[in-house]
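> Submitted below is the structure of interest, expressed as structure tokens.
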Amino acid sequence: MNLIFNKLLALLIFPLVFFSCGSKDSGNSKLDEEVESITNVDPKEKVRFQRAKIVFFSLPSPMETSRILKKSGAVYNKRILNSPANKNGYQTSKEKAVGLGVFIADLSFANAFDQQQDCLDYFSVVRELSVDLALSNVFTAEFIEKIEANIENEDSVLKYLSESYWQANNDLKEDGRESFAALVAAGAWVEGLHIATSLINVSNPDPEFVNRVGDQKSSLKQLINYMDSFKDPKNLKELITDLEALQLLFDEIQVKHERKEKVVDEKGVATVGSKKTYVFPNDLLKRIVEKSHEIRNKHA
């Protein structure tokens, strides 16, 4: 591969993680500069670049999801996560790639709630799956030592995890296993939605949680487009089909924009904004919860 193409691949690394590492404004500027500077790349690669860019801004990372749930008052419940004991159930490389994403989301959730032992247990599984996927050069003994030494420092753990995921996705792409990156991303997204919907009381839902689920209406569409861009029916088709069935339910969600009251700051500058809320007609929320659990249990 030439230098320009390597540069492009580096920018397409795992949107779910990239999103958690910087602001939208600065990231958007850098991506725009890069796509303008790439002139000797196949047009199809530029299209994927743009799709990845959309996913980059649409999908919340598992880490971001965990932070929001924690802020919303969610209580840590280990039973809703995928047990580390299930690691042996992943046999094929495809299953292991999805499983890696699932356990990454679980690891992030445990980390957000300062569950140190669970973090170490989940990291051990992530490490094993990464070895099976020929990514052992990323999750090295040195990396494990860093995690263990900083396990009580959430920001440091997030930093090390993010750096490693960047490298992992880059390796997958350079080895011609690009669709595995989509499987990892999908696994993390599915598990993140499963965690969020598991915390919802359907009969009396918390508005914050409901809005969090509603936010996934756009991100699900972008995730499907991103996965579909790899044109790899052998590895991705079944999961894409299941996600498309979920998308049909999300399409029923009604989006409302409520105008906020004008706020004047200390300098006399007035700002007026709007608040986005989601309306789930009839039993739609229940159906989304059930479908999300069905997809998660099928693929995870």
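The values are calculated or read from the model by the stated rules, or taken from the named source; none is laboratory data. Predicted model, so just to flag it, every value in this text is computed and none were measured. Note that each Cβ is placed from the backbone with ideal geometry, even for glycine, and that neighbours are counted across all protein chains shown.
> Could you list, in sequence order, the residues of region 283-295 that are surrounded by 21 or more Cβ atoms within 10 Å (Cβ to Cβ) and within 16 Å of residue 81 (Cβ to Cβ)?
292
> Just to verify a result, which residue in region 84-143, among those that are polar (S, T, N, Q) and modelled with pLDDT under 85, is farthest from residue 180 (Cα to Cα)?
111
> Out of 230, 209, report the one residue that is at pLDDT below 90, part of a loop (DSSP other than H, G, I, E, B), aromatic (Phe, Trp, Tyr) and on the phi < 0 side of the Ramachandran plot. If you could, list the steps in order and put the result at the bottom.
Details: 209 fails: part of a loop (DSSP other than H, G, I, E, B).
The unique qualifying residue is 230.
> Within region 221-248, work out how many residues are under 16 Å from residue 281 (Cα atoms) and either in contact with a strand residue (DSSP E or B) (Cβ under 7 Å, 6 or more places away or on another chain) or crowded, with 19+ Cβ neighbours inside 10 Å (or both). Please lay out each step first, then the result.
Filtering region 221-248 down to residues under 16 Å from residue 281 (Cα atoms) leaves 246-248.
Right, trim to either in contact with a strand residue (DSSP E or B) (Cβ under 7 Å, 6 or more places away or on another chain) or crowded, with 19+ Cβ neighbours inside 10 Å (or both) and you get 246.
Qualifying residue count for the region: 1.
> Picking from 218, 156, 198, 203, which residue would you name as being over 20 Å from residue 90 (Cα atoms), modelled with pLDDT of 90 or more and surrounded by fewer than 21 Cβ atoms within 10 Å (Cβ to Cβ)?
Values: 218 fails: modelled with pLDDT of 90 or more; 156 fails: modelled with pLDDT of 90 or more; 203 fails: modelled with pLDDT of 90 or more.
On inspection, the qualifying residue turns out to be 198.
> Okay, next question. Have a look at 44, 70 and point out the one that is part of a helix (DSSP H, G or I), modelled with pLDDT under 90 and more than 20 Å from the chain's Cα centre (by Cα). Lay out the reasoning, then the answer.
Values: 70 fails: more than 20 Å from the chain's Cα centre (by Cα).
Every option except 44 fails the conditions.
> Of all residues being part of a strand (DSSP E or B) and more than 22 Å from residue 204 (Cα to Cα) in region 259-297, which is modelled with the highest pLDDT? Just the residue, please.
Filtering region 259-297 for residues part of a strand (DSSP E or B) gives 259, 263-264, 270-271, 274-279.
With more than 22 Å from residue 204 (Cα to Cα) added as a condition, the list becomes 259, 263-264, 270-271, 274.
On the way: 259: 74, 263: 66, 264: 65, 270: 63, 271: 65, 274: 71.
Result: 259.
> Return yes or no: is residue 164 farther than 25 Å from residue 115 by Cβ, within 17 Å of the chain's Cα centre (by Cα) and either at pLDDT 85 or above or assigned to a helix (DSSP H, G or I) (or both)?
Working: farther than 25 Å from residue 115 by Cβ: no; within 17 Å of the chain's Cα centre (by Cα): yes; either at pLDDT 85 or above or assigned to a helix (DSSP H, G or I) (or both): yes.
In short, no.
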